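Chemist: The structure follows.
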Amino acid sequence: MIVDVALPIPVAKNFSYSVPTKWHPYVRPFSRVVVPFRMRVLTGVVTDIREGDKAGLKDIREVADLFPLVGNTLRELTGWASRYYVTPMGLVLKYALPPHKDIERYLTVRMEDEGLGLPGVPMKKAIASLGRDGLFERYHSGLLPVHDVFGEHPFMPSPDEGPTGGETDNRLYIGGIDDRLAYYVSLISDQLARGRNVLMLLPDYYRTGSYFSRAFLQRFPGQVFWYGAAVKAKSRMETYFTLRNGGANLLLGTKSAVFLPVKDLGLVIVERHEEDHYRNEKDFSFNAAAVAAHRATIEGVPAVLGSPSPSMEVMKEVEDGTFNIVSGPAPGPRDYSETILAKGITSYHGLPDELIEIMKQPIERNERIAIYTPRKDYGSYIECLECKTAFSCPLCGGILSYQKSTDTLICAGCGRKAPYEEKCPACGSELIRFSRAGAEYLEEQVRLLFPHVPVVRVTGDTPRKEIEALIKVPTGAPLVIVGTQALSNIYGIGVASLILTGWEELARISGYRAHEKMFHLLMHLLDTLNPEELHFCMERKKKVNPALFLDVAGFCGDEMARRKIAEFPPFTRFFLIEVEKKTEATGLKAVDKIREFLHKEGLSGGITGPLFQKKEHYQWRMILKGAGEPLYETLLKLYEIRDLRIEADPLYL
């Protein structure tokens, strides 16, 4: 017997192996097998089986799972995700399936008939006693029942999934947090009452996730389960076994939960579907919100996407008639003030007087204030006053920022860190200026100006500690929260005044998605913090009109019209093709191969680049524009070139 195996490596082709006779009965399509590969041992997934022998093929080491863990729904979903996100199937399946050792850790084997007199032996111990092949033989003969340790459910193949609902009613719910939560509770209650499971994706675990988790645990005690990397392995696997065996549960999870096997799925919900948290993994770059919606289509159940500010991709779905809009009240105040800062906020002459005046009254009334800034460090631009040279990374040439708490220089491009020396690397001068101040500097200055007022910095670096610090400040006491985009994920705190500083700068630093990112950030801040007053502090030369971003329908209509004219997403797609080599010569050779291949396939007209940069190695990047299954299948063939990576729908261009 010969099997073709998809391995978890960036190569689109499958690899052939022989199957020793003792493993013949247990190999099935989508079985995981352990195989030798070059100097490593990898776990891959069987994609094809055929009879015969072939000289020179290596043998598989063993079959990893008692039976294939990929049912019909996940087979179709992972296959679609592999094509749509131009990622080899082996990498997709590695992400979609829990490691088999994690599964075995929470399985027990009934071994009374083996003379051990034990009702339940850990699977690892049973394998040590009988051998893996011996355990498989007895299990498949019905002699050794296997159960999970959580609900004592028999561990057996899930029944083939298929469409479980009727005609889907996909909805986009646009509204504030209280209205969204009430809407979700109503839909979830209905499904749980029918004995159906609900899958709900949340953008993160510690901030947005904890808020919804507390609300649902109170409403549905004993029926709420979490799945995601932030959850401990035991809790994660309890969710895995519970959801594949029974109904009437609510599964909350971050992006990895989208591939979880769920029995009797009745509804899919994605909260704040537009969040970047749903996108990007190192080896498999995908949008979990889009995958969740596609899963709902496969299973014939409704998908509900809720948000205060919809993405342009989903607005295109509305245009195409695959989603219907349901609207509630918009979050936050409609009235706002604009203040033009004469000098901006820099880290060399204190806070602007205009900003200080805005802060004084709420503090005197013992109210809470939140100040947003796009930067988290002390200063993100360091310049020598003598030779006017900016401090840059010696490795990649990126601009360096300064973190005062650690006295460290950090490169925004490659992440390199180095100790700060108060000396210009170009001319040796000690006359150094920090500008483009961030949250660390704002926190320092607020503490100096208002020493009696608690100040909490929120940047998302230590989310649990940040939330604990906020909770410690009693209601009715003054508080100043200084933070970055992480402020837009903290529900349940609330402030009287929200001050945005540097928000207008996003218009110049976020590429074609700049206005959309400004729109989402503003609406998210209003949604989470629920301020009574809204203040925009802007530099005159960078000023924008906030009114354009506070009208949800108006903004979406204008932005969609611009994107359509420019032929930008969601009216087409972008693919970032990246190759990295240790030497410039091998890199240029790979770039030539990519160009030749794309020219041969008639795709040369859609290429931008390549752009070259040197980090630790030599790296080339190019953008390809287009859409459609033929394009996706063609791009997958590029993985024949080593050290190549393709990112579909890149966040930053």
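The values are calculated or read from the model by the stated rules, or taken from the named source; none is laboratory data. Just so it is clear, the model here is predicted, and its values are computed rather than measured. Every residue, glycine as well, gets a Cβ built from its backbone with ideal geometry; the counts of neighbours run over all protein chains shown. Surface accessibility is based on the protein's heavy atoms, side chains included, excluding ligands, DNA and RNA. Shrake-Rupley method; radii C 1.70, N 1.55, O 1.52, S 1.80 Å.
Chemist: Go over the candidates 401, 337, 392 one by one and state the one that is open to solvent by 50 Å² or more (accessible area, probe 1.4 Å), modelled with pLDDT of 85 or more and either farther than 30 Å from residue 566 by Cβ or out of contact with any Gly (no Cβ under 8 Å at 6 or more places or on another chain) (or both).
Modeler: Only one candidate passes the filter, namely 392.
Chemist: Would you check which residues across segment 283-338 are out of contact with any helix residue (DSSP H, G or I) (no Cβ under 7 Å at 6 or more places or on another chain), part of a loop (DSSP other than H, G, I, E, B) and more than 21 Å from residue 85 (Cβ to Cβ) and list them?
Modeler: 300, 301, 321, 333, 335, 336
Chemist: Take the residues in segment 532-541 that are touching a strand residue (DSSP E or B) at 6+ places or on another chain (Cβ under 9 Å) and open to solvent by 10 Å² or more (accessible area, probe 1.4 Å); name whichever of them is modelled with the lowest pLDDT.
Modeler: This residue is 540.
Chemist: Separate question: Let me confirm something: among 332, 306, 328, which residue is over 26 Å from residue 191 (Cα atoms) and either surrounded by 15 or more Cβ atoms within 10 Å (Cβ to Cβ) or within 25 Å of the chain's Cα centre (by Cα) (or both)?
Modeler: 332
Chemist: Another question, then. With 63, 86 as the choices, which residue is crowded, with 21+ Cβ neighbours inside 10 Å and at positive phi?
Modeler: So the residue among 63, 86 that is crowded, with 21+ Cβ neighbours inside 10 Å and at positive phi is 86.
Chemist: What's the total number of residues in segment 584-621 that are open to solvent by less than 60 Å² (accessible area, probe 1.4 Å), in contact (Cβ under 8 Å) with a residue 12 or more places away in the chain and more than 25 Å from residue 651 (Cβ to Cβ)?
Modeler: So the count comes out to 1.
Conditions (1) in contact with a His (Cβ under 8 Å, 6 or more places away or on another chain); (2) of a type outside the set (D, E, K, R); (3) within 30 Å of residue 298 (Cβ to Cβ), marked per residue:
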residue: 57; (1), (2), (3): no, yes, no
residue: 61; (1), (2), (3): no, no, no
residue: 77; (1), (2), (3): yes, yes, yes
residue: 88; (1), (2), (3): no, yes, yes
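Chemist: Oh, and also: For the list (1) surrounded by 12 or more Cβ atoms within 10 Å (Cβ to Cβ); (2) farther than 13 Å from residue 5 by Cα, I need the number of the one condition that residue 42 fails.
Modeler: So the condition that residue 42 fails would be (2).
Chemist: Related question: Which residues, counting only those in segment 83-104, are of a type outside the set (D, E, K, R) and more than 22 Å from residue 35 (Cα to Cα)?
Modeler: Selection gives 84, 85, 86.
Chemist: Between residues in segment 463-476 that are closer than 17 Å to residue 205 by Cβ and open to solvent by 40 Å² or more (accessible area, probe 1.4 Å) and residues that are at pLDDT below 90 and assigned to a helix (DSSP H, G or I), which pairs lie under 6 Å by C-beta distance while being six or more apart or on different chains?
Modeler: none
Chemist: Which residues, counting only those in segment 250-273, are open to solvent by 10 Å² or more (accessible area, probe 1.4 Å) and of a type outside the set (S, T, N, Q)?
Modeler: Once the filter is applied, which keeps residues that are open to solvent by 10 Å² or more (accessible area, probe 1.4 Å) and of a type outside the set (S, T, N, Q), segment 250-273 yields 255, 261, 263, 264.
Chemist: So, in segment 179-221, how many residues would count as being assigned to a helix (DSSP H, G or I), aromatic (Phe, Trp, Tyr) and open to solvent by 10 Å² or more (accessible area, probe 1.4 Å)?
Modeler: 2
Chemist: Condition first: within 21 Å of residue 262 (Cβ to Cβ) and without any contact (Cβ under 8 Å) to a residue 24 or more places away in the chain. Can you find one or more residues in segment 61-80 that meet it?
Modeler: yes
Chemist: While we're here: Test residue 641 against the stated conditions and say whether it is touching a helix residue (DSSP H, G or I) at 6+ places or on another chain (Cβ under 6 Å) and β-branched (Val, Ile, Thr).
Modeler: yes
Conditions tested, residue by residue: (1) closer than 18 Å to residue 307 by Cα; (2) surrounded by fewer than 19 Cβ atoms within 10 Å (Cβ to Cβ); (3) at pLDDT 95 or above; (4) hydrophobic (A, V, I, L, M, F, W, C).
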| position | (1), (2), (3), (4) |
| --- | --- |
| 499 | no, no, yes, yes |
| 502 | no, no, no, no |
| 516 | yes, no, yes, no |
| 543 | no, yes, no, no |
| 547 | no, yes, no, yes |
| 557 | yes, yes, yes, no |
| 565 | no, yes, yes, yes |
| 582 | no, yes, no, no |
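Chemist: Going by what's in this entry, would residue 624 be described as out of contact with any strand residue (DSSP E or B) (no Cβ under 6 Å at 6 or more places or on another chain) and open to solvent by less than 50 Å² (accessible area, probe 1.4 Å)?
Modeler: No, not satisfied.
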